């Protein structure tokens, strides 16, 4: 579509508005009520222009081919100036005293020549709401533009804000008009980002001192991979805002990525190495030279005396790809062991195994963008509005636009309330439910027979198996009515572009790999993987780089790029590049490391950025394992539970202080850049590992993180086209990316599956009961998960004002169960399993089903993993976090 703006010809897409054409021409027109992320409103009238001689609002008027637009020196611009003068006349003087780079209103005044002199306005005295730790509302600066309301509704999908009052008294309010902190606001900050006047602000940007730098990086919280702009004032982070051009988040973020950066300045941030010479003695501060020398000497002593298999290394899903690559190289080359693993073992190892066996690659099949095209979303075992809020918001947007939503979850989550069908299945019954849906798809002919015949194997075996999984039987297994099962089968079967999104509620089970494979069956039956227009299967990764840690070979049986350790050709390739033989035998998984330590076979454990003493299941067993080691080394930002019992503690840099890359949940390599320097005395994991290797007489050959990525590209064909330089120039790249001259594969399997025969493998897997079941002594099932405001063990978020939003852990109980116990919200109960006891505060809610309780694991005062089961997925060793049989009783009775 062609437009002529002040004499300049521009081309804009069909459906664009005049404002887009004006910007394309490099002209400037203010638009105080407009935000590109939401629907145009056309209410402020300061964007008036002439279009073919007519006075129109540029933000709401569509472009027609050949339209002539005039932006300056016209009656339209004069009227726009008058509209702005009217707006300004109703504002206090301080509205125009905000730094110009932080106020669109001030920018508009400068552009249209509206006076910014003081004295031409009065205070209305409508007051300030500063009840929220991150969001402050100055009502007298509100111009009722409605941008914040639209952002909350259209982008976040929370609908917490509204405009109340009439005329010039109209102002934004949260919830029922009470304090902001008590409203349904989820603290995403979208309203703050969009506000044009400073009516809504955050602490770091209320400081009038100028911002001195801005760095684009990738969020270090969950696995969504939001692009963030970190604004700095000198050596400190002033504020973090979501990047409008972020390929995943598109200018959106959550409370953690947007606001929870105060941990950088926490009083207990580690700033020097700590060591102890006697397990019974205290940790003491020491020098880097002494700590690294001590670590090197002890690792060499144990390796030489007890063999390389006596040492284990646990890498970090919070560290960069380059740090994980260097760590696994250190383990294999310097220590001589494949005893290396990462926390994907505890969450998505069943995804890696299940997706690989069914499809070929250990990653999701499509991109997050495909959510926007889906007409039916099957969400299983995930609560993204809490754990992956940007994804949760995107799903909400799509459902509000008309897509059908099926939720399979034992809890009534926020998205379950929005769903067309909620299958509130009994914990541990996933495989039965997925088989029932397969039964319905096959029985009712809702399968793509051509696709199945040409591109899959195993249909006959699956068809035979699922004959026994009719809705009547599965309703009994899963404790659900038959109708939701049938309706879910119908909706998924009728969809043209179905997508499956799943999380830890599928994987963290004794039969988690079977859960993944039977869920993938549903997409394959519909031909929804590897075809034009397909939307595929997306596993929601928990931590920021849990995908990347595995991609980089921080696994006991796989080298970088998922190359089998037992493959001679692959192993020789690494040996040639590393100038060192690679041990040929697979090493120990994390649970096996703990067992071996308790048995006296594992003598040293090197833990990088994981608080295993708090996050791993069956805590007492883990603590016994740590105590059994002769040497325990850890890297951390804070004195974690693991650090408290370690022999050597290295203070590590955070994601805001380091250079490298992360891989998000849809296989996207993205750059991580240091916004600030680490505190004095703190080093990156990359530098710590390299330093220990040098002290042991080894040169790992990678001087910088960029060097490490380049070397990884040499040895791992699926990453051969990826480098820091290319990412800096071209932006994020999906793997596989085997060629520097071609883009990565955003959508997998369009030509063939990556299995040995090139076909997808349908999995005929029967339902098997979970590893632990309630009984007379332990009659409840405990499910663990996350809350919106905190992250994993809470080591970062508890050191920010997020603690004011969620100050303590609680146990969610159904009203029926709470009434039977005689407890109410705020009461205290003792929760006991076969492994331990924890006291928790109760929240009574019907989000949980009767007989089921839910809590998170964010707080050290509530060590929930003391309770969790030692049972693991039979294929991968992933713990059964989602099912723990417990007894619950009120304290004091």
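Data table
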{"read-out": "Simple spin-label estimate for residue 162 and residue 450 in nanometres, 7 Å along Cα-Cβ", "value": "5.1"}
{"read-out": "Between region 287-354 and region 511-533, the Cα center-to-center distance that results, in Å", "value": "34"}
{"read-out": "Three-way shape label, region 780-890, alpha-carbon gyration tensor, a/c 1.5", "value": "oblate"}
{"read-out": "Gained length - residue 235 relative to residue 861, 0.36 nm times residue gap less alpha-carbon distance", "value": "222.0 nm"}
{"read-out": "Cα centroid of region 1-64 to Cα centroid of region 413-485, whole Å", "value": "50"}
{"read-out": "Residue order, fewest to most beta carbons within 10 Å, for 226, 185, 315", "value": "185, 226, 315"}
{"read-out": "Spin-label model distance (nm) - residue 8 vs residue 297, 7 Å beyond Cα toward Cβ", "value": "6.9"}
{"read-out": "Rel. contact order, % - alpha carbon contacts under 8 angstrom, at least six apart, region 358-487", "value": "20"}
{"read-out": "Distance (nanometres) between label positions extended 7 Å along Cα→Cβ at residue 100 and residue 644", "value": "5.4"}
{"read-out": "C-alpha long axis of helix 288-306 to longest principal axis of the chain, angle in °", "value": "30"}
{"read-out": "Between region 562-593 and region 631-698, the Cα center-to-center distance that results, in Å", "value": "24"}
{"read-out": "For 12, 622, order by how many other beta-carbon atoms lie within 10 Å, fewest first", "value": "12, 622"}
{"read-out": "Between 0 and 90°, nearest 10: helix 685-695 axis offset from the chain longest Cα axis", "value": "40"}
{"read-out": "Residues 359, 283 arranged by fewest to most Cβ contacts within 10 Å", "value": "283, 359"}
{"read-out": "Full-stretch length increase - residue 287, residue 874 - with 0.36 nm per residue and alpha-carbon distance subtracted", "value": "206.9 nm"}
{"read-out": "Over the chain, relative contact order from alpha-carbon pairs under 8 Å, at least 6 apart, %", "value": "14"}
{"read-out": "Relative contact order [Cα under 8 Å, 6+ residues apart], region 128-265, whole percent", "value": "20"}
{"read-out": "Helix-only CD estimate at 222 nm, as mean residue ellipticity for the chain, using -39500 (n - 2.57) per DSSP H run (n ≥ 4)", "value": "-8000 deg cm²/dmol"}
{"read-out": "FRET efficiency, 1/(1 + (r/R0)^6) with R0 22 Å, evaluated for residue 305 and residue 580 via beta carbons", "value": "0.55"}
{"read-out": "DSSP-defined beta bridges in the chain - what % are antiparallel, rounded to 5", "value": "55"}
{"read-out": "Rounded tilt (10° steps) of 482-494 against the dominant C-alpha axis of the chain", "value": "70"}
{"read-out": "Full-extension gain in nm, residue 86 to residue 111, via 0.36 nm per residue minus C-alpha separation", "value": "7.4 nm"}
{"read-out": "Efficiency of FRET from Cβ geometry, residue 277 and residue 245, R₀ 45 Å, rounded to 0.05", "value": "0.30"}
{"read-out": "Region 418-486 shape via C-alpha gyration tensor axes, a/c threshold 1.5", "value": "prolate"}
{"read-out": "Quotient of C-alpha Rg and 2.2 N^0.38 Å, computed over region 181-326", "value": "1.46"}
{"read-out": "Among 602-614, 692-704, the order from most to least packed when residues are scored by Cβ within 10 Å on average", "value": "602-614, 692-704"}
{"read-out": "Rounded FRET efficiency, nearest 0.05, which uses the C-beta distance separating residue 124 from residue 751 and R0 of 60 Å", "value": "0.40"}
{"read-out": "Three-way shape label, region 572-705, alpha-carbon gyration tensor, a/c 1.5", "value": "oblate"}
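FYI, it's all coordinate maths here, none of it is from the lab. Everything numeric here is computed off the predicted structure, so don't read it as measured data. Reconstructed Cβ throughout: ideal geometry from the backbone, glycine too, with neighbour counts over all protein chains shown.
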